[in-house]
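Okay, structure first, notes after.
The values are calculated or read from the model by the stated rules, or taken from the named source; none is laboratory data. Fair warning: this is a prediction, and the values are worked out from it, not measured in the lab. Don't worry about glycine lacking a Cβ; one is built from the backbone with ideal geometry, like all the others, and counts go over all protein chains shown.
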Amino acid sequence: CQVFAMGRRSKRPRAGPKNSNGGVKVAEEAEMLQQRVQEEAPAPGTLFAKGSELLFAALPLSNRSQQGLEASGYSTCTEIQAAALPHALAGRDILGAAKTGSGKTLAFVVPLLEALFRNSVQTADGLAAVVISPTRELAIQIFE
């Protein structure tokens, strides 16, 4: 069981610092990503075609997430990730089942981090997300 909960977003204005990729301001990048997510979201209840390859680079993810995935050696989505990520990025509820080691955790964590980014959540905003894990071992793995 993995549960995610978003915290309240502060109403105070934020400065728009530049990111490390091309000098695009964070607020502008978040807005562009939100537009892409809405435009590219698959119809509810549909799945990515089996046997097709979905690259993380093709998903509407922040530059920081793209760089982190690349640095960690992730380039191609697993079957569960290809099925879940486009819907999760669009804010839809996801129910998926797959074998251990198939990438389920990443399929839920990436959209969570992207939602925090697109909503400009800062440390000063307080609790913004809760991740509940069924086992201590998985909780440690997620944390690391």
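For the reader, a short list of remarks on this structure follows.
- Residues in the stretch 29-65 that are within 13 Å of CYS77 (Cα to Cα) and of a type outside the set (A, V, I, L, M) were compared, and the one that is surrounded by the fewest Cβ atoms within 10 Å (Cβ to Cβ) is GLY51.
- Given (1) in a helix (DSSP H, G or I); (2) over 27 Å from GLU137 (Cα atoms); (3) of a type in the set (D, E, K, R), index of the condition ARG92 fails: (1)
- Every residue from the stretch 36-67 that is in a loop (DSSP other than H, G, I, E, B), among the hydroxyl-bearing types (Ser, Thr, Tyr) and touching a residue at least 40 places away in the same chain (Cβ under 8 Å): SER62
- Of all residues making up the stretch 2-58, the number that are closer than 30 Å to THR135 by Cα, over 15 Å from the mean Cα position of the chain (by Cα) and at pLDDT below 50: 3
- Within the stretch 104-128, considering residues that are of a type in the set (Gly, Ala, Ser) and surrounded by fewer than 17 Cβ atoms within 10 Å (Cβ to Cβ), the one nearest to LEU54 (Cα to Cα): SER120
- Residue check for LEU127: closer than 26 Å to GLU29 by Cα, in contact (Cβ under 8 Å) with a residue 40 or more places away in the chain and part of a loop (DSSP other than H, G, I, E, B): yes
- Residues within the stretch 68-89 that are more than 20 Å from ALA41 (Cβ to Cβ), more than 13 Å from the chain's Cα centre (by Cα) and not in a loop (DSSP other than H, G, I, E, B), tallied: 3
- Residue among THR78, THR100 that alone is over 21 Å from MET32 (Cα atoms) and crowded, with 16+ Cβ neighbours inside 10 Å: THR78
- Yes/no for GLY96 being at positive phi, more than 12 Å from the chain's Cα centre (by Cα) and not hydroxyl-bearing (Ser, Thr, Tyr): no
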